[in-house]
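K.L.:
Sharing a structure below in structure tokens format, with a few things to ask.
The values are calculated or read from the model by the stated rules, or taken from the named source; none is laboratory data. Note that this is a predicted model, so its numbers are computed, not measured. FYI the Cβ positions are ideal-geometry reconstructions off the backbone, even for glycines, and counts take in every protein chain you see. Side chains included, ligands, DNA and RNA excluded: accessible areas come from the protein's heavy atoms. Shrake-Rupley method; radii C 1.70, N 1.55, O 1.52, S 1.80 Å.
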Amino acid sequence: MFGLRAQELVFIFLILFLLFGAARLPQLGKSLGSAIRNFKKGISTDEEHKDENEDEDEEQTAHKNLEANTNASSINPSKIGSKN
């Protein structure tokens, strides 16, 4: 586990116990677990949104190209260069 031996883990837990006390350790573990869970959830949600945004960008580009082609074909050649 992260390259730590049992003695090092016991030492770390002992220091945490002295710093936070027995009553706050379960609360600390719970909040750490929920933070990790939310972080993983946020990462997976960002990847999904990134994929969706790429699809939307492609659709918007195609729509703009279609509008540009439609507008270009509807230009009246007699009005090109004339001032209104």
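K.L.:
Output the number of the condition that Lys40 fails; it satisfies all remaining conditions of (1) part of a helix (DSSP H, G or I); (2) at pLDDT below 85.
P.N.:
(2)
K.L.:
I've got another one for you. Restricting to the range 2-23, give me the number of residues that are open to solvent by less than 70 Å² (accessible area, probe 1.4 Å) and among the polar types (S, T, N, Q).
P.N.:
Residues meeting the conditions: 0.
K.L.:
Any residue in the range 3-24 that's without any contact (Cβ under 8 Å) to a residue 40 or more places away in the chain: show its pairings with residues that are in a helix (DSSP H, G or I) and open to solvent by less than 90 Å² (accessible area, probe 1.4 Å) at Cβ separation under 6 Å, as long as the two are six or more apart or on different chains.
P.N.:
From residues that are without any contact (Cβ under 8 Å) to a residue 40 or more places away in the chain, the pairs are Phe20/Leu28.
K.L.:
Against the condition at pLDDT 70 or above, within 30 Å of Ile12 (Cα to Cα) and open to solvent by 100 Å² or more (accessible area, probe 1.4 Å), how does Leu32 come out, does it pass?
P.N.:
yes
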